[in-house]
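Since the structure comes first, as C-alpha cells, the remarks are kept for the end.
The values are calculated or read from the model by the stated rules, or taken from the named source; none is laboratory data. Because the structure is predicted, anything quoted here is derived from the model rather than measured. FYI the Cβ positions are ideal-geometry reconstructions off the backbone, even for glycines, and counts take in every protein chain you see. Areas reflect the complete protein model, heavy atoms only, side chains present, ligands, DNA and RNA absent. Shrake-Rupley method; radii C 1.70, N 1.55, O 1.52, S 1.80 Å.
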Amino acid sequence: GARTEMPDGTQYADYANVHNYVSSTRRMYQDNQAWQAADPTLNDAWDGLYGEYGRTWRSHFDGYSNAQLVTLPRVTTETGWDTGINAGGQAVQGKVLVNTYLSQFKRGWSYTFIYELVDGEGGAGEQGLNTAHYEPKLAATYIHNLTTILADKSTGAEMGRLNYAIPNEPATVHDLLLQKSNGNFELVVWGEAVDQSKEVVINFGAAHKAINVYDVTAKTDPIRKYNDVRSLPLVVGDHAMIVEEIG
C-alpha cells in the first residue's frame with residue numbers, strides 16, 4: 001500500500017536491528033534496567049524496538065503492532081554501560097551487562113552485541129569490558145563466569161523437564177531454565193533491584209539428590225552445595241545466580 005517498487009510482503013531484512021542501550025537515553029539506573037531495555041513493546045527511555053519499528057520516535061510513523069513486535073525477529077547490535085558516566089562503576093556495569101544478556105535472551109532477542117571490547121576503541125568513553133590498558137574490568141570477569149558455568153560443548157541430548165516454581169516471584173526477579181547435554185539443569189535466577197535484595201524460595205516437584213548454587217560475581221565454582229533438596233531459599237539482589245540440579 002506504500003506504492004513502492006517492491007510488492008507488499010517483500011522481506012527486506014532477516015532481523016529488526018536496534019541499539020537499545022541498557023544505560024538508557026537518560027543514563028539512569030533503576031529497577032529492572034535490563035529487563036525494560038529488552039521489552040519489545042515498551043515506549044520509554046530506551047531506544048528500543050517500539051520506537052524504531054512500532055511507532056517511530058521522530059516522525060511517529062506507524063509500524064508493527066505490539067502483538068507483531070513480540071514475535072518480530074530482532075537483534076541488538078549495540079548496547080553497553082559506561083563506567084565513567086553511568087552509575088556504579090565497574091561492579092554495576094558487570095552486573096547490568098550479565099543481566100542484559102539474560103534478559104535479551106529470555107525476551108526473544110536472537111543476538112546481543114556489547115559495545116565495546118576496550119575503552120576508547122570507537123571513541124571517547126569507558127564502555128569497554130577492558131580498560132584502555134587491556135586490563136579486564138569486572139564486567140569481563142562476570143561474563144566469563146557466566147559463560148564458564150553454563151558452557152556445554154556437546155549437543156544432541158534429549159531434553160528433559162524440571163518441575164519447579166517460584167511462588168510470589170517479585171517483579172525484579174527473573175528466571176531462565178536451561179539444560180546441558182549431560183542432563184544437568186541450570187536454573188538462572190537474576191535480580192534487578194537496585195537498592196534491596198529479595199528472598200525467594202524455589203520449590204521443586206520432588207527431592208533432588210544434589211544442588212549446586214553459583215554466583216556470577218564470585219567465581220566459577222559453587223558457593224553452596226546441598227543434598228536431598230525439595231525447596232531452596234535464595235537471596236537475590238542485583239545480579240545473577242545459577243541453581244544447578246545434578247541429574
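Please say if the stretch 37-87 is rounded, prolate or oblate, where rounded means a/c under 1.5 for a ≥ b ≥ c the square roots of the C-alpha gyration tensor eigenvalues, and otherwise the choice is prolate for a/b larger than b/c and oblate otherwise? Judged from the Cα gyration tensor, the stretch 37-87 comes out prolate (a/c at least 1.5, a/b above b/c). Rolling a 1.4 Å probe over the heavy atoms of the protein chains gives the chain an accessible area of 53 Å² per residue. Entry note, the chain: relative contact order of 15 percent, from Cα contacts under 8 Å with a spacing of 6+ residues. Phi angles across the stretch 234-239 convert, under the Karplus curve 6.51 cos²θ - 1.76 cosθ + 1.60 with θ = phi - 60°, into 3J(HN,Hα) values of 9, 8, 10, x, 10, 8 Hz, Gly and Pro given as x.
Amide H to amide H, with H built 1.01 Å from N, L178 comes under 5 Å of E186, L187, V188, counting only residues 5 or more places away or on other chains. In terms of packing, defined here as the mean over residues of other Cβ atoms within 10 angstrom, the peptides 57-70, 192-205 line up highest first as 192-205, 57-70. DSSP beta bridges fully contained in the chain are about 80 percent antiparallel. Lysine pairs in the chain whose alpha-carbon atoms fall under 18 angstrom of each other, counting only those eight or more residues apart or on distinct chains, come to 9. Rounded, prolate or oblate for the stretch 127-247? Axes are the square roots of the Cα gyration tensor eigenvalues, ordered a ≥ b ≥ c, and the cut-off for rounded is a/c under 1.5. Cα axes put the stretch 127-247 in the oblate bin. How much of the accessible area of the stretch 1-82, probe 1.4 Å, is carbon plus sulfur, in whole percent? Answer for the stretch 1-82 is 47 percent, counting heavy atoms of protein chains only. For the stretch 142-149, the Karplus equation 6.51 cos²θ - 1.76 cosθ + 1.60, evaluated at θ = phi - 60°, returns couplings of 5, 5, 4, 4, 4, 5, 5, 5 Hz by residue, with Gly and Pro reported as x. Here's how it looks for V118: its modeled amide H is under 5 Å from those of L129, N130, which are all 5 or more places away or on a different chain. Taking a ≥ b ≥ c as the square roots of the eigenvalues of the Cα gyration tensor, the stretch 34-168 is oblate, since a/c reaches 1.5 or more and a/b is not larger than b/c.
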